[in-house]
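The structure appears below as structure tokens.
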Amino acid sequence: MNKQHEYKTTIRWTGNLGKGTIDYRSYERSHTINSDNKPLIQASSDPAFRGDKDKYNPEELFLSSLSSCHMLWYLHFCAISGVVVKSYKDTPSGIMEETKNGGGRFTKVVLNPVIEVEEESMKEKAMDLHHKANEYCFIANSCNFKIDHSPVVNVAVP
């Protein structure tokens with residue numbers, strides 16, 4: 001039997017300016033995201049969709065989820081494979097295409113991790129483990145498109 005894990009969050013719309021959704025311009029897209037007693041995330045839609053540029057939007061959170069999940073699996077596989085990672089930073093990017101009906105979907109995501117490993121001898125294995133991390137990443141496995149990777153592995157300066 002497969003193990004199942006249940007996740008819950010609370011999304012609360014905070015953008016009612018007094019008239020609700022009486023028309024498209026009458027409300028803000030602001031909302032909060034919360035889970036248990038964790039810090040509140042201030043969110044909105046992308047500015048292209050009348051959102052607040054100073055708040056996270058769902059598209060940024062989606063990229064962050066993909067990147068974070070990949071990183072966690074990657075670090076796990078490095079740890080059990082003898083690859084000592086000293087630092088990890090990713091700057092993921094994605095393309096979302098709008099459809100004629102106003103909907104849309106992501107068609108491309110590229111993860112761009114820059115990793116520092118402890119020794120030169122670890123570089124090749126460090127590169128290879130990105131493939132394995134992608135195979136296991138829960139979020140990537142939930143997508144209907146391929147997640148690309150453009151990793152760079154450097155040796156940490158002592």
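Here, each number is a calculation from the coordinates, and none is a lab measurement. For clarity, every value in this text was computed on a predicted model and none was experimentally measured. Note that we place each Cβ from the backbone using ideal geometry, even for glycine, and neighbour counts take in every protein chain shown.
Only one of the numbered conditions (1) out of contact with any Gly (no Cβ under 7 Å at 6 or more places or on another chain); (2) crowded, with 17+ Cβ neighbours inside 10 Å; (3) not β-branched (Val, Ile, Thr) is violated by LYS125, and that is (2).
Residue-wise test of (1) surrounded by 10 or more Cβ atoms within 10 Å (Cβ to Cβ); (2) of a type in the set (A, V, I, L, M); (3) out of contact with any Asp or Glu (no Cβ under 8 Å at 6 or more places or on another chain).
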{"residue": "THR10", "(1), (2), (3)": "yes, no, yes"}
{"residue": "THR14", "(1), (2), (3)": "yes, no, no"}
{"residue": "LYS19", "(1), (2), (3)": "no, no, yes"}
{"residue": "TYR24", "(1), (2), (3)": "no, no, yes"}
{"residue": "SER30", "(1), (2), (3)": "yes, no, no"}
{"residue": "SER35", "(1), (2), (3)": "yes, no, yes"}
{"residue": "PRO39", "(1), (2), (3)": "no, no, yes"}
{"residue": "ALA48", "(1), (2), (3)": "yes, yes, yes"}
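For the stretch 105-122, filtered to residues that are surrounded by 19 or more Cβ atoms within 10 Å (Cβ to Cβ) and out of contact with any Asp or Glu (no Cβ under 8 Å at 6 or more places or on another chain), the residue that is nearest to PRO92 (Cα to Cα) is ILE115. Condition check for VAL84 on (1) of a type in the set (A, V, I, L, M); (2) touching a Leu at 6+ places or on another chain (Cβ under 9 Å); (3) over 17 Å from CYS137 (Cβ atoms): one failure, at (2). Of all residues in the stretch 126-158, those satisfying the criterion of being touching a helix residue (DSSP H, G or I) at 6+ places or on another chain (Cβ under 6 Å) and of a type outside the set (Gly, Ala, Ser) are LEU129, LYS132, ASN134, TYR136, CYS137, PHE138, ILE139, ILE147, HIS149, PRO151, VAL153, VAL155.
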